[in-house]
Amino acid sequence: MVTETTTPDITAVHASLTNVKETRGVAAFRIVNVVLLTLITVLTVYPFVNLLAKSFSSERYIAAGQVNLVPRGFNLDTLNYVVSDPMFWTNYKNTVVYTVLGTIISMALTTTYAYALSRRNLKGRGVFTGVALFTMFFSGGLIPNYILVANVLHMRNSVWAIVLPGAISVFNLLVMKSFFENFPAELEEAAALDGMTTYGVFFRIVMPLSKAVLATMTLFYAVSMWNSWFGAFLYLDKKDMFPVTVYLRNLIAAATQSAESQGAADTVQIGANIQSVTMLLTVLPIVCFYPFIQKYFVSGVMLGSVKG
Amino acid sequence: MSLQEPVSVTSGPDVPDVPLAPAGVPGGAGLGGPPGGAPPRTSREQRLRMQGKTSWRVALRRDWRLYSFLVLPLVFLLVFKYVPMLGNVIAFRKFRPGGNPFGDEWVGFHYFEQFIHNQQFWTVFWNTVILGGLSLVIVFPLPIVLALMLNELRSRRFKKLVQTLTYLPHFMSIVIVAGIVLQLTSLDGSVNQVITAVGGDAIPFMQQPGWFRSIYISSEAWQTVGWGTILYLAALTTIDQQLYEAAKIDGANRWKQTWHVTLPGIRPTMMVLLILNIGSFMAVGFEKVLLLQNPLIYSTADVISTYLYRVGIQSAQFSYAAAIGLFESIIGLVLVLSANFASRRMVGASLW
């Protein structure tokens, strides 16, 4: 890959010698590589394009299996149909509320925990870290969790069942911890000398200087909260409390079930356009923000890998 | 013991802190002073100070604000992580809805025997092993290959574009992924469009058990391959370019350079990710399988987690399902511990 050699000695001579031999093979490889990567990218994107095409196609063409890249029988009826369902908007609003509330709770718990764990002179640091780490590899499992939330804490049909059980992601915790560990100690020491308490240092020095990592973690939590469905599916019975993911899940399940029960092939796609529009509207916020926030996600993962 | 020089505060406490800590975990046990056996010459407090450590009493007084940060997260972990772990006792005790959440009467291994003698359990067990094994063998190496391919690209722009677009599926809700998969594989979906275009007959994929594994693995690859490259790409940038120069001088062609320089360079990353993957082996994409499966294809598409969801939550056989869940968690824990151990012994890379 690096063909420009900086030292004009034996290396360069040698490289030029070997280059002669390799040129053809390398050139062929380059072309194959680019073609393959293009193919992979196209395959990755295709389902989204297909979704978009189906959203604006008429049912007739979808059922005939004629919709792939561009809408056939273009219309906005399906879109109008979905957005005129008040339940869709109720559920969409719920998703927004759960995402905001869940993210705030998660961030509060994760940030304070990570900061305390990052202080090297904290006694018991190893144990407090281990307590969190262990939950990564062993969990209570579905049934005990369900009994806890539903029977012990009586959180069925409450927003707390959605936002509390998964509040701390150990992965995010470790990322933040390693970020705070690399925080320049001089700043905090100087602040402490000025008479600032731990609270002062944390809220007025550390937080303002950690905006990048805070933004990244907020995005991680917000996206996973936005996308989550199982907690709601498990603990909520009231339709008007569902997040939009459960609304969508029920839509898909209804379509699949009707297909199975009738055993008729052509009913599978009933509502395919409705499903498509609903999916489209659900991913829309993420796809819109995605180009701008992608680098934060990548940096967040990198940060986590520093520590291994 | 007789060392008098002060140990530096920054380097000292981290490691030697651990063995002492269990003596007085979060509670106040450590506050009461040394639990007997104080050496004759110095008190525990003095001894600790000499080693650069502090007692709990001093630590709490000095850092109480810092400890206050720990309170809520620890309560959270206790309630939502550790209580459910204890809740697993219902696997050994008969649970009645509305009764004691930890079960009413001790039944020993009754529920374990019940599922071990259940034919259906073994079907879902093997489905899980096969699906997990296929993910590990097929899906796990793909990001490595893709990262190597991306690494060979000259155009930064094209690389960026491929990355941006292949990361995208990672951010989709599993509900959306399942919805997309069901649409693509339906009779009038894109896959069947291709099949009929080349003269084949449309296949009702989601009604034939034989197709489920291929579909699941493909969707897994689609969703995770791009995002999975990030850590490998990061590891690739840390490889010393001089190693490539040296390999060239030794007459290594590009394949040999990849094999002898690049792959060893990213091996620690590979091992860590492999261990993590092995740890989640038994949990194979529970949510996705649950969304994709239907009764017609249970013979291949039903896995341990979805089975225990059905018998546990839907049929309310809590103790029976908890026994299966505990079995699954323990296998997962054993797998991750042994993978970590083996990797540390053989490759020198490990999680901890």
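Can you compute the FRET efficiency between B:ALA316 and A:VAL287 using 1/(1 + (r/R0)^6), with r the Cβ-Cβ distance and R0 = 45 Å? Round to the nearest 0.05. Spell out each step's value before the answer.
Values: r = 40 Å, r/R0 = 0.89.
Step by step, r from the Cβ atoms, then E = 0.65.
Give, as a single signed number, the net charge of other residues whose beta carbon lies under 14 Å from the beta carbon of B:GLU105, with Lys and Arg counted +1 and Asp and Glu -1.
On the way: positive: B:ARG93, B:LYS94, B:ARG96; negative: B:ASP104.
Taking every other residue near B:GLU105 into account, the sum is +2.
Among A:HIS154, B:HIS170, which comes first, second and so on when ranked by fewest other beta-carbon atoms within 10 Å? Please list the in-between numbers first.
On the way: A:HIS154 11, B:HIS170 16.
Fewest to most other Cβ atoms nearby, the residues stand as A:HIS154, B:HIS170.
Using the Karplus curve 6.51 cos²θ - 1.76 cosθ + 1.60 with θ = phi - 60°, work out ³J(HN,Hα) for each residue of region A:106-116 in order, rounded to whole Hz, and write x for Gly and Pro.
Whole-Hz 3J(HN,Hα) from phi for region A:106-116: 4, 5, 4, 5, 5, 5, 5, 5, 4, 5, 4.
Taking H as built 1.01 Å from N, whose amide H comes closer than 5 Å to the amide H of B:ARG93, not counting residues under 5 places away?
When sequence neighbours closer than 5 places are left aside, the close amide H contacts are B:VAL107.
Would you be so kind as to identify which of B:LEU60, A:VAL32, B:VAL124 lies farthest towards the positive end of the dipole of the protein assembly as shown, taking Lys and Arg as +1 and Asp and Glu as -1 on Cβ and the Cα centre as origin?
Of B:LEU60, A:VAL32, B:VAL124, it is B:LEU60.
Provide the gained length on full extension for the span A:VAL70 to A:ALA27, in nm with one decimal, where the gain is 0.36 nm per separating residue minus the Cα-Cα distance. Write down the numbers at each step before the final one.
Numbers: separation 43, 0.36 × 43 = 15.48 nm, distance 3.53 nm.
Once the chain is fully extended between A:VAL70 and A:ALA27, it gains 11.9 nm.
Taking a ≥ b ≥ c as the square roots of the eigenvalues of the Cα gyration tensor of region B:110-346, is the shape rounded (a/c under 1.5), prolate (a/b larger than b/c) or oblate? Write down the numbers at each step before the final one.
Numbers: a/c = 2.68, a/b = 1.44, b/c = 1.86.
The shape class here is oblate.
Let's test the formula: R0 of 22 Å, r as the Cβ-Cβ distance of B:GLN119 and B:LYS94. What FRET efficiency results, to the nearest 0.05? Kindly include the intermediate steps, with their values, before the conclusion.
On the way: r = 23 Å, r/R0 = 1.06.
Efficiency computed from Cβ-Cβ geometry: 0.40.
For region B:92-153, what are the per-bin percents of Cα-Cα distances with bins 10 Å wide, up to the bin holding the maximum?
18, 21, 21, 17, 13, 8, 1
Please identify, among A:GLU189, A:GLU59, A:GLU181, the residue showing maximal mean-square fluctuation in a Gaussian network model of chain A using a 10 angstrom Cα cutoff.
Maximum fluctuation in the GNM of chain A, among the listed residues, is at A:GLU189.
Build a GNM of chain A with springs between Cα atoms under 10 Å: which of A:SER84, A:SER55, A:SER169 gets the top mean-square fluctuation?
A:SER84
What number, rounded to the nearest 500 deg cm²/dmol, is the helix-based mean residue ellipticity at 222 nm of chain A, given -39500 (n - 2.57) per DSSP H run of at least four residues and division by all its residues? Please report the intermediate quantities before stating the final value.
Details: 13 runs with 212 residues, N = 308.
Counting only the DSSP helices, I get -23000 deg cm²/dmol.
Provide B:TYR216, A:TYR61, B:TYR82 in ascending order of the number of other Cβ atoms located within 10 Å of each residue's Cβ, fewest first.
Details: B:TYR216 24, A:TYR61 18, B:TYR82 15.
Ordered from fewest to most neighbouring Cβ atoms within 10 Å, B:TYR216, A:TYR61, B:TYR82 come out as B:TYR82, A:TYR61, B:TYR216.
Would you list which lysines come within 23 Å of A:LYS295, measuring only between C-alpha atoms, while excluding same-chain residues fewer than 8 positions from it?
Straight-distance partners of A:LYS295: A:LYS177, A:LYS211, A:LYS307, B:LYS159, B:LYS160.
Pull out a ≥ b ≥ c, the square roots of the eigenvalues of the alpha-carbon gyration tensor of the protein assembly as shown, then state rounded if a/c is under 1.5, prolate if not and a/b is larger than b/c, and oblate in the remaining case. Kindly include the intermediate steps, with their values, before the conclusion.
Values: a/c = 1.77, a/b = 1.19, b/c = 1.49.
In terms of gyration-tensor shape, oblate.
Between rounded, prolate and oblate, where does chain A land on the alpha carbon gyration tensor, with a ≥ b ≥ c its root eigenvalues, rounded for a/c under 1.5, else prolate if a/b exceeds b/c?
Numbers: a/c = 2.38, a/b = 1.11, b/c = 2.14.
Oblate shape, in that a/c is at least 1.5 and b/c is the bigger or equal ratio.
Can you sort B:SER350, A:SER139 from fewest to most other Cβ atoms within 10 Å of each residue's own Cβ?
Values: B:SER350 17, A:SER139 20.
By the 10 Å Cβ count, ascending: B:SER350, A:SER139.
So how far apart, in nm, are the two label points at B:VAL137 and B:TRP352 if each is 7 Å from Cα heading toward Cβ?
Placing both labels 7 Å along Cα→Cβ, they lie 3.2 nm apart.
Compute the FRET efficiency between A:MET302 and B:HIS110 as 1/(1 + (r/R0)^6), taking r as their Cβ-Cβ distance and R0 = 45 Å, and round to the nearest 0.05.
Numbers: r = 49 Å, r/R0 = 1.10.
My answer for the efficiency is 0.35.
For region A:85-100, just list the computed ³J(HN,Hα) in residue order, Karplus coefficients 6.51, -1.76 and 1.60, θ = phi - 60°, integers in Hz, with x standing in for Gly and Pro.
7, x, 5, 4, 6, 4, 5, 5, 5, 4, 4, 4, 4, 4, 5, 5
Residue by residue through region A:129-134, what is 3J(HN,Hα) from phi via Karplus (6.51 cos²θ - 1.76 cosθ + 1.60, θ = phi - 60°)? Round to whole Hz and write x for glycine and proline.
Values per residue, Gly and Pro as x: 6, x, 4, 6, 4, 4 Hz.
Starting from 0.36 nm per residue, how many nanometres of slack lie between A:ASP237 and A:VAL100 once their C-alpha separation is accounted for? List each step's numbers first, then the result.
Values: separation 137, 0.36 × 137 = 49.32 nm, distance 2.15 nm.
Contour length minus Cα-Cα distance gives 47.2 nm.
None of the figures in this text is laboratory data; all of them are computed from the coordinates on show. Since the structure is predicted, the reported quantities are computational estimates derived from the model, not experimental observations. Methodologically, a virtual Cβ is constructed for each residue, glycine included, from the backbone with ideal geometry; neighbour enumeration extends over all protein chains shown.
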